[in-house]
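Have a look at the structure below before the remarks.
The values are calculated or read from the model by the stated rules, or taken from the named source; none is laboratory data. On a predicted model such as this, the values are computed, not experimentally measured, just so you know. We place every Cβ from the backbone using ideal geometry, glycine too, and count neighbours over all the protein chains shown.
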Amino acid sequence: MILIQILRIYLVLIIVRAVMTWFNPDPASPLVRFLTWLTEPVLLPFRRIIPPIPVPKTNVRIDLSPVFVLLIGGWLLTKLRY
């Protein structure tokens, strides 16, 4: 099924974007801008519900929105297979 493959690719893009944030990529990079353009419409509603969590005594904020998108996407994949 094509829908399952598209969802799998999209979930991989979410993972790639989350991992890229660990390395502080250049926001002007075409790859970063493309990934942001593709994934932000799905991540933003989750960020509104669950804002990034600040880590005490640092400037770090942990964004859990990719985790919830991956959980829901994985659940959808299991439902679409049957």
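Just a few scattered comments:
- Within segment 56-78, restricting attention to residues that are loosely packed, with under 10 Cβ neighbours inside 10 Å and more than 16 Å from Tyr10 (Cβ to Cβ), the residue that is farthest from the chain's Cα centre (by Cα) is Lys57.
- Considering segment 20-38, the residues that are part of a helix (DSSP H, G or I) and hydroxyl-bearing (Ser, Thr, Tyr) include one that is surrounded by the most Cβ atoms within 10 Å (Cβ to Cβ), namely Thr36.
- Per the listing Arg48, Arg17, the residue uniquely basic (Lys, Arg), exposed (fewer than 10 other Cβ atoms within 10 Å of the Cβ) and in a helix (DSSP H, G or I) is Arg48.
- Near pairs, Cβ below 8 angstrom, 6+ apart or cross-chain, from segment 65-80 (under 16 Å from Val19 (Cα atoms)) to any residue that is modelled with pLDDT under 95 and among the β-branched types (Val, Ile, Thr): Ser65/Ile50; Phe68/Ile50
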